[in-house]
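Read through the structure below, which is laid out as structure tokens, and then see the notes.
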Amino acid sequence: MPAGWETSIWPKDNKLDRRVALKVLPPDLAHDEDRLSRFQREAKAVAALNHPSIVTVHSVEESDSIHFITMEYVEGSTLRALLESGALQKADAHRYGLRIAEGPYIADTVDHEPF
């Protein structure tokens with residue numbers, strides 16, 4: 001999902017007793033039909049993928065005019081936090097780089113509508 005489009009929060013899904021990640025489209029962007037349509041198409045495209053380097057999309061929802069995507073919550077540090085904590089060892093940088101590159105590669109090999 002494009003950075004800056006949404007807010008991420010990590011609530012607990014009480015029905016399934018698990019944490020989830022939510023991507024929330026800001027209300028001011030939800031009134032823009034093009035932005036809303038793109039948000040929904042991208043969620044659909046990601047939901048069609050199944051790979052360890054890509055989160056699982058559970059649903060696309062709307063409640064009280066707030067649009068959000070419910071996704072798998074992944075425990076761990078962000079790449080930003082790892083980089084801010086100091087230099088990575090060469091082996092770690094290589095491993096992270098490979099994992100990061102897998103997601104777009106897999107997404108590009110799946111036949112889906114363009115965003």
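Some values worked out for this structure:
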quantity: Label-to-label distance, nm, for residues given as THR78 and GLN40 (7 Å Cα→Cβ offset); calculated: 2.8 nm
quantity: Angle between the chain longest axis and helix 90-109 axis [Cα atoms, degrees, rounded to 10]; calculated: 40 degrees
quantity: HN-Hα J in Hz across the stretch 22-32 - Karplus 6.51, -1.76, 1.60, θ = phi - 60°, x for Gly and Pro; calculated: 10, 10, 10, 6, x, x, 5, 7, 5, 7, 8
quantity: Additional length obtainable on full extension of the chain from TRP10 to SER85, 0.36 nm per residue less Cα span; calculated: 24.7 nm
quantity: Base-10 log of normalised Debye intensity for the chain (one unit scatterer per alpha-carbon) at q = 0.20 Å⁻¹; calculated: -1.21
quantity: Candidates HIS67, HIS58, HIS31: whichever shows maximal mean-square fluctuation once the chain is modelled as a Gaussian network with Cα springs under 10 Å; calculated: HIS31
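Every number in this text was worked out from the coordinates using simple rules, so none of it is lab data. Not measured: the values here are computed from a predicted model. Cβ: placed from backbone, ideal geometry, glycine included. Neighbour counts: every protein chain shown.
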